[in-house]
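Report on the structure given below.
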Amino acid sequence: MSYDPTSTEGVPEHGRERLAQMQGGLFTSDLSVNEFLLVKQAGFDPLGLVIGSSIYHIGYQQSNWKQSMEMDVLSQAMYEARELAMTRMEEEADQLGADGIVGVRLDIGRYEWGQHLAEFIAIGTAVKHREGELHRAPNGRPFTSDLSGQDFWTLLASGHRPVGLVMGSCVYHVAHQGMMASMRQMGQNVEMPNFTQALYDARELAMERMQKEAEELQAEGIVGVQLQERSHGWGSHVIEFFAIGTAIVPGGRTSGLPEPVPTISLND
């Protein structure tokens, strides 16, 4: 799906009405009160909650019972579906004249319509710099970030800024172990090299793809990286390895961070 900053294609009628309301001055946000105050202190005003959605049919791919291998069809489906949701969310932000989107969440929902259908949802709060400083990504799109409001404020105060949420996906089939090998290892403490190597390879593929996205954004580095593993109902030996983080570049004014102050939590 190509990016069109003027597009509201696929946005339902009530969604366009919601965007029009926010253009009139009312904003919505999923930021907590603390996050809201820190985003404001960082020089940004929230414009509204923006959403992108894609219900995607995930194709079928046959795996070899004895072979560890990437499931290319599934990897591509998971990546493309998330990209569709992200693009629609960014286009909504463009409708509001936003510089970027903070607190982005990517969720996957499954319904009873079928085991091969899933809804991919991207949601975050569109923000705009109060003094008009350019904070968009090098590709001209609004920047995206999954950092909390507190981390967003700290990042800007350190003299850096986010340029994009970067991700890498790899759906991998982990080979089954034969009965004879299982019997030989019974009762022993021993590494399972086929499982170790398969999971290692899959994570590395996901990380490599995330880093490639950051390089395309001309980023200096990636912060807040998370590595997630989910089966999505494909079976115990087919796993998606998903790497996600916020790509950053130097930029902005360093305001000087306060010295850390030790605190004691009173929470249970």
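Among Tyr172, Tyr79, which comes first, then next, by fewest other beta-carbon atoms within 10 Å?
Placing the least packed residue first, the sequence is Tyr79, Tyr172.
Within the stretch 126-151, find all residues whose amide N lies under 18 Å from a label point positioned 7 Å from the Cα of Gln226 along Cα-to-beta-carbon.
Once the point is set 7 Å along Cα→Cβ of Gln226, 126, 144-151 turn out to lie under 18 Å by backbone N, inside the stretch 126-151.
Based only on other Cβ atoms within 10 Å, what is the fewest-to-most ordering of Val238, Val166, Val171?
Ordered by Cβ neighbours within 10 Å, fewest first: Val238, Val166, Val171.
For a quick check: with amide H placed at 1.01 Å from N, whose amide H comes under 5 Å from Thr144's, ignoring anything fewer than 5 positions away on the same chain?
Ile101, Gly164, Leu165
Order these by the 10 Å Cβ neighbour count, fewest first: Lys128, Lys212.
With the fewest neighbours first, Lys128, Lys212 line up as Lys212, Lys128.
Give me the distance in nm between label points sitting 7 Å out from Cα along the Cα-to-Cβ direction at Glu215 and Thr154, one decimal.
Going by the 7 Å Cα→Cβ label model, 2.9 nm.
5 Å is the cut-off here: which amide hydrogens, built 1.01 Å from N in the peptide plane, fall below it relative to Gly251, excluding neighbours closer than 5 in sequence?
Sorted by chain and number, the residues that satisfy this are His160, Arg161.
Any read-out appearing in this document is the output of simple, stated calculations on the displayed coordinates, not a laboratory observation. The model shown is predicted, which means the values in this text are computed figures rather than measured ones. Cβ coordinates were reconstructed from backbone atoms using ideal geometry, including for glycine residues, and neighbour counts include every protein chain displayed.
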